[in-house]
Each structure stands twice: as C-alpha cells, then as structure tokens.
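Worksheet: one structure, shown below.
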Amino acid sequence: MKLRENEINDHNNLLKGSHKVRFDFLSKLIPESESIISKLINFQIAIPSWALGSGGTRFGRFPGGGEPRNLEEKIEDVGLLHKLNCSSGAISLHIPWDVPKDYRAIKNLAAEYGLRFDAMNSNTFQDQEEQVESYKFGSLQHVNKAVRKQAIEHNIEVIKHGIELGSKSLTVWLADGSCFPGQLNFRKAFQNTLESLREIYAALPDDWKMFVEYKAYEPNFYSTTVGDWGQSLLFTSKLGPKAYTLVDLGHHLPNANIEQIVSLLLMEGKLGGFHFNDSKYGDDDLTTGSIKPYQLFLIFNELIDGMDERNMNHASGLGWMIDASHNLKDPLEDILQSVEAIMIAYAQALLIDRAALKEAQLSNDVTSAQEILQNAFRTDVRALVAEARFRSGGALSPLKLFREIGVRNQLIKERGSKTIATGL
Ligand code: RM4
Ligand code: MN
Ligand code: MN
C-alpha cells in the first residue's frame, strides 16, 4: 500500500499547533538546534528485509497477518516507513531469503520509494534445500574444504547480487563455533575462517566494504569463531583496508561496555557498521531504546566523538542498520519505534557540551562530567526530531498516523491474514 500525500498533510495540520509550541520552546533553549536538525534530516537508517514479518522464537511464531510475501512487498513496506518518518531510506537484503529475480525492476521499485540498497547479508547459518554440503558443523571454519568452498561461493554470489543493485557492502555473520569442549581446534577454526574470508575479500569490488559481525554465543553455546570485537578486529586487520568490524548491540555478553568498544574500534579506523536493537539478556532483538536508552545515548556519544575526531560524515561514514525482529508487536510499528529511539539518542548526543566535557575530564571533575552527559540525556529532544521529519515531508507522529489510517488492516486486506515473510 502507498500513503497518499494528503494523509500526511491532514495529520500534520492537526498536530502542527501543539508541535510548534514545543519546538519553539526547545529551539530557544538550544542555540545549535538548526544544525542538529540538518544532521537529523541527513541521517538514514537501513531497514533489514527480515524484520518486516513477525519474528519467531524457537518455541513458536505468531504472525500478525499482512506480512510481505516477496521482495517487492518488503520494499513496499520499507517505502511506507520511509514515507512516514523520512529516516529509513535504505533496505538491507539477506540472501537467499531475498534473491532478486529482475534487478532492473527491483532497483526501479526501490527508487520509486526513495530507497537505496544497504549492506548485503549472506547466510551460511541455515541449510537450503538445493544445497550439497551442510553447515551443521560450520561454514567458513569447516574441517571439510568442500563445505568452506560452498560457503565462499555463496558469499561471492551475494556480492554479485549486491553489485547489480548498487549496494556497497557485504555483512558476514557466521554461526560458526562449537557446542562442546574439544569439538573444535580453536586455532584451526580461526585459520580456516581467515583463509575463507580472504577469498571472499578478494572478490570485493574496490569501492566495497566487508563487515565482519561478531556474536558471543548462539546458535553455538561453547565457542563462537567470531565471538567478540577482539576476534573480529583480528580478522578485519589481517584481511585489509576494506574489512571492518560490525557491532550488533545484542551480540555481547551481559554488561559489556559497548560504548568503549565503539570508541576503540573507531580510533583504529576499523568500525564499519552498526546493528541497532536492544536486549536485557542476550541477542533478544528487542526494539531499540526499549530497555537501555541511556546505553544507546552513551554509544552515540562515543560515535560522534570518534567520528568527529576522524572527520567522518555522520550519515555516510558508517553503515547504520536496525537488526531487530519482534514476536509481539506489529513489526512495522516496532521499526518506527526503533528509528525514533535512534534519532532521539543521536540528537541528545549532539547536544553534549564537548568542550566542557573535555575540561571536566582534564581536571578529573567526575561530578561535572556526569552532569554534562546527563543534562544532554535528560533533554526532551522529541520536538527537534519531529521538526526534522516535518521539514522532510514526513509525519509529525509516524506511529499515530500508522494507526489512524489502519495500515495493518489494509495490508491484511491486500495480502491476506496468513502470509509469512521469509526470514527467521
Ligand atoms: C544474527 C545476526 C545477523 C543477522 C541474523 C539474521 O543474529 O544478528 O546480523 O543477519 O541474525
Ligand atoms: Mn546483526
Ligand atoms: Mn543477532
């Protein structure tokens, strides 16, 4: 379904008055509000094609109906989100869940919605029907060369799809690891993986990046071959300048200091991409900002600090993506909430008085350092985020409009109540 222009206008006209009161108040308080708004307008977050249907757990799945049945409908859904919030101008595809049949038609469709293709994702964590070798005991790490070869070829295939669509990066997330002590020779697994990644790296076009995503555990529960940022950094450093580490917020052991990881990876010029979500325990893939919004803000603090230090463009310097998949909420509402939380954390981090923070750090004024950060975090910047969206032609309240016009019911009418999107 497509939104009609007047639906956004009518909605905005109703909310404009109260928005203006809040925005005028805030812009008086924040002298740099115009520059923050222009940064917010430029900031785009890619939507993963596998988050548009209801996510399942290993115990069950409760599809909500109207899920996209194919790649075209997935693009349509992201197009709808982008129309509402003007901040989701990219889609990230997972192969083979989303193999494009007609590149030109898919590219045209995406362009119609103002979308570009973000990182391509390979999948060597599941066996496909037509596949000869099994990934049960790993893919790029596998003891059997034929399995490694198949996984390498799959990744090269994914790059080829990406080239056709205009993507510029490949994300490799491996489920490889072991479930029991003694199952794996750690060094051999690392070396096999490195050798395989090198072959994939060799197939990358010059203007592409490879993101190596780490994850502490699951589906393997004793060891993961790319288990943390240190292991990922080891791989990406050995691979070369086009290889970067990707941080997925849910892929750490409990209480890991993710902001410190981000800071050091940026310092080394090796942070490449980001998967936003939130978690209480593990890779919970909950809505971004729903559990630990302060952590999200602290991460953005380090991102801005580290990117500014290297003169990186906030919008294009890293690959920004949501990687969440929900089994209770409407997946589109969930993504709207995630995008909003990311924009809020970004805006708040832009508010930080960096000169004063530096001063406080140099004089070991711990109290002031905390005050400076928390002053920014406790500022309600929602009117700034809404203003940025409004100026781009989006809805003042995307979620409200989504419900007012009954998007889910319309999608169910169009697609049926029993549709199931490819993905997890
Ligand atoms: C993994 C990881 C990857 C994602 C898959 C579906 O846990 O987060 O980024 O591609 O899930
Ligand atoms: Mn991820
Ligand atoms: Mn994950």
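The table that follows gives values for the structure above.
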quantity: Neighbour cut-off at most 10 other Cβ (10 Å), DSSP loop, trypsin sites (Lys or Arg not before Pro), the stretch 128-228; calculated: K136
quantity: Nearest-0.05 FRET efficiency for L328 and L399, computed from C-beta distance (R0 22 Å); calculated: 0.90
quantity: Protection-proxy order for peptides 27-34, 95-102, 389-396, each taking the mean of Cβ atoms within 10 Å per residue, highest first; calculated: 389-396, 95-102, 27-34
quantity: Coil-residue trypsin sites (Lys or Arg not before Pro) of the stretch 44-76, DSSP, other Cβ within 10 Å capped at 14; calculated: R58, R61
quantity: Interatomic Cα distance distribution for the stretch 117-254, bins of 5 angstrom, percent; calculated: 2, 11, 21, 24, 22, 13, 5, 1, 0
quantity: Distance in nm between pseudo-label sites at R354 and Q126 (7 Å out along the Cβ direction from Cα); calculated: 4.2 nm
quantity: Computed over the stretch 229-277, the ratio Rg/Rh where both radii use C-alpha atoms and Rh is Kirkwood; calculated: 0.95
quantity: Under 14 Å, Cβ to Cβ, from I372 - net charge with Lys/Arg +1 and Asp/Glu -1; calculated: -2
quantity: Calculated FRET value between K16 and R408, using beta carbons and R₀ = 25 Å, to 0.05; calculated: 0.45
quantity: Cα-based Rg of the stretch 204-332 normalised by 2.2 N^0.38 Å, two decimals; calculated: 1.04
quantity: Within the chain, percent of DSSP bridges classed antiparallel, to nearest 5; calculated: 15 percent
quantity: CD proxy at 222 nm, helix term only [per DSSP H run n ≥ 4: -39500 (n - 2.57); per residue of the chain; nearest 500]; calculated: -15500 deg cm²/dmol
quantity: Relative contact order %, the chain, counting alpha carbon pairs below 8 Å whose residues are six or more apart; calculated: 23 percent
quantity: Potential lengthening between Q370 and D24 on full extension [0.36 nm per residue; Cα-Cα distance subtracted]; calculated: 121.8 nm
quantity: Dimensionless Rg/Rh of the stretch 285-424 - Kirkwood Rh, Rg from C-alpha atoms; calculated: 1.06
quantity: Summed side-chain charge close to F390 - residues other than F390 whose Cβ falls under 15 Å, Lys, Arg +1, Asp, Glu -1; calculated: +1
quantity: Ranked by how many other beta carbons lie within 10 Å on average, peptides 295-304, 377-386 from highest; calculated: 295-304, 377-386
quantity: Cβ-defined net charge surrounding T236, 11 Å radius [Lys, Arg +1; Asp, Glu -1]; calculated: +2
quantity: Average projection area in nm² (convex hull over Cα atoms of the stretch 295-345, one quarter of hull surface); calculated: 3.9 nm²
quantity: Loop-located chymotrypsin sites (Phe, Trp or Tyr not before Pro) in the stretch 180-258, at most 14 other Cβ atoms within 10 Å (DSSP); calculated: F221, Y222
quantity: Of K74/K280; K83/K168; K280/K329; K39/K74; K145/K238; K101/K160, those spanning more than 19 Å from alpha-carbon to alpha-carbon; calculated: K74/K280; K83/K168; K39/K74; K145/K238
quantity: Shape call, the stretch 5-415: gyration tensor on alpha carbons, a/c limit 1.5; calculated: oblate
quantity: Sorted peptide list for 122-132, 260-270, criterion being average Cβ within 10 angstrom, highest first; calculated: 260-270, 122-132
quantity: Extended-chain gain in nm, criterion 0.36 nm per residue less alpha-carbon gap, E34 and A202; calculated: 56.1 nm
quantity: Mean shadow area of the stretch 136-217 over all directions, Cα convex hull, nm²; calculated: 5.5 nm²
quantity: Residue-span extension gain [N6 to N257] - 0.36 nm each, minus C-alpha spacing; calculated: 85.8 nm
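Values in this text are rule-based calculations from the coordinates and carry no lab data. Source: prediction; values computed, not measured. For neighbour counting, all protein chains shown are included, and Cβ atoms are generated from backbone atoms with ideal geometry for every residue, glycine included.
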